[in-house]
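Beneath this line is the structure, given in structure tokens, with notes to follow.
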């Protein structure tokens, strides 16, 4: 599923641009397309659906039984926790060093002992807090961990029922998501205290999609569906305040890319190596930008520079520094930890009987 690897880069870049814009306020120069950047938080929703889809594709329901469940949890934890822990330790060193030098964090409530423990336990997105804390983008990783814990049970049902049942459940999840967005004022920008309400419907939608993909892959115009959904995402974010409509367009995009792969057709996204690489480091990139943002914003304030008045400098610095940290995290932490987990948690091979 090469397209789905590349689309991870798109989601990460979209979220990143949204957060850069909060400081640099560059979206105003994009005219009618400013809304696309200002809705960049919806890239997380794309990740949530993609996560359910990929897990369902990689793990047949019948295999997630007994010790395989513990092995699954171990591999998923090894996939997300090492980078999370590394970034947390970097932030801890930064905060303690700053305090020792007499610097007071701008948002002192963000760096409490209690929130540090919650982050270490990966429960910060389970409703235990209601504000940004430490490496704040990791709230979504916390909800992903909740999804991993529930995945074997959810997939046991969705992966074995007739296709019509997952389809009905997917429609129900979209309805629930719509009601949640309506109650929140048409937005799905829900984090921390309300994160799980946002996550689980989208996670289940992704899982259910995998059951429906083979039914339609061979005769649907997948490439055109992908192009139309991309255009719809840009149009809807620029003209509509209903986040649920954008999430639906994101689902169409992911479905089209998955069907293209299932039908064994050429990738929709003619992906050069750079896009594939950016997709591969997207997790480390997503987990790195919060730390760079903290340091860069502090540096700009210390220099008396307003990021909004120095948009280009701030944006370029954020991009280069985040990429540098992400590449280091990917190569020095993420990939070695994944290889180690694969060795430790490999399925034992029975000895041949002579």
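Each reported figure results from applying straightforward, stated rules to the coordinates on display, with no laboratory input. Predicted model, so just to flag it, every value in this text is computed and none were measured. As a convention, Cβ positions derive from the backbone with ideal geometry for all residues, glycine included, and neighbour counts pool all protein chains shown.
Could you compute the FRET efficiency for residue 128 and residue 224, with r as their C-beta to C-beta distance and R0 at 41 Å, rounded to 0.05? The formula returns an efficiency of 0.40 here.
Once both labels are positioned 7 Å from their Cα atoms along Cα-to-Cβ, the gap between residue 175 and residue 344 label points is 4.4 nm. Of the listed values (1) 46, 26, 15; (2) 30, 28, 21; (3) 33, 26, 20, grab the one calculated as semi-axes √(5λ) of the Cα gyration tensor in Å from the structure here. Computed from the coordinates, semi-axes √(5λ) of the Cα gyration tensor in Å corresponds to (3).
Applying D = kT/(6 pi eta Rh) to the stretch 66-224, where Rh is the Kirkwood radius over alpha-carbon pairs, T corresponds to 25 °C and eta to 0.890 mPa s, the Stokes-Einstein value obtained is 136 µm²/s.
So, R0 is 22 Å and r is the distance between the beta-carbons of residue 331 and residue 79; what FRET efficiency does that work out to, to 0.05? The value I calculate is 0.90. By the beta-carbon count within 10 Å of each Cβ, the least crowded to most crowded order of 281, 69, fewest first, is 69, 281. Per-residue extension of 0.36 nm, minus the Cα-Cα distance of residue 93 and residue 182, leaves a gain of 27.9 nm for this segment.
Put in order of Cβ neighbour count within 10 Å, fewest first, the listed residues 77, 122 become 77, 122. Taking other Cβ atoms within 10 Å as a rough exposure proxy, 283, 29 sort from fewest to most as 29, 283. Paramagnetic label reach from residue 168 (point 7 Å along Cα→Cβ; backbone nitrogen cut-off under 14 Å): within the stretch 193-210, no residues. With the simple model of a label 7 Å out from the Cα in the direction of the Cβ, residue 193 to residue 265 spans 4.6 nm. For the chain, the mean residue ellipticity at 222 nm estimated from helices alone is -23500 deg cm²/dmol, where every DSSP H run of n ≥ 4 contributes -39500 (n - 2.57) and the total is divided by all residues, rounded to the nearest 500. Using a simple spin-label model with pseudo-atoms 7 Å out from Cα toward Cβ, residue 319 and residue 112 lie 3.8 nm apart. For the stretch 114-200, the relative contact order is 46 percent, taking Cα pairs closer than 8 Å that sit 6 or more residues apart in sequence and dividing their mean separation by the residue count.
The relative contact order of the chain, computed from alpha carbon pairs under 8 Å that lie at least 6 residues apart in sequence, is 29 percent.
Taking the chain as a Gaussian network, where each spring joins two C-alpha atoms under 10 Å apart, which residue of 74, 304, 46 fluctuates the most? Answer for the Gaussian network model of the chain: 304.
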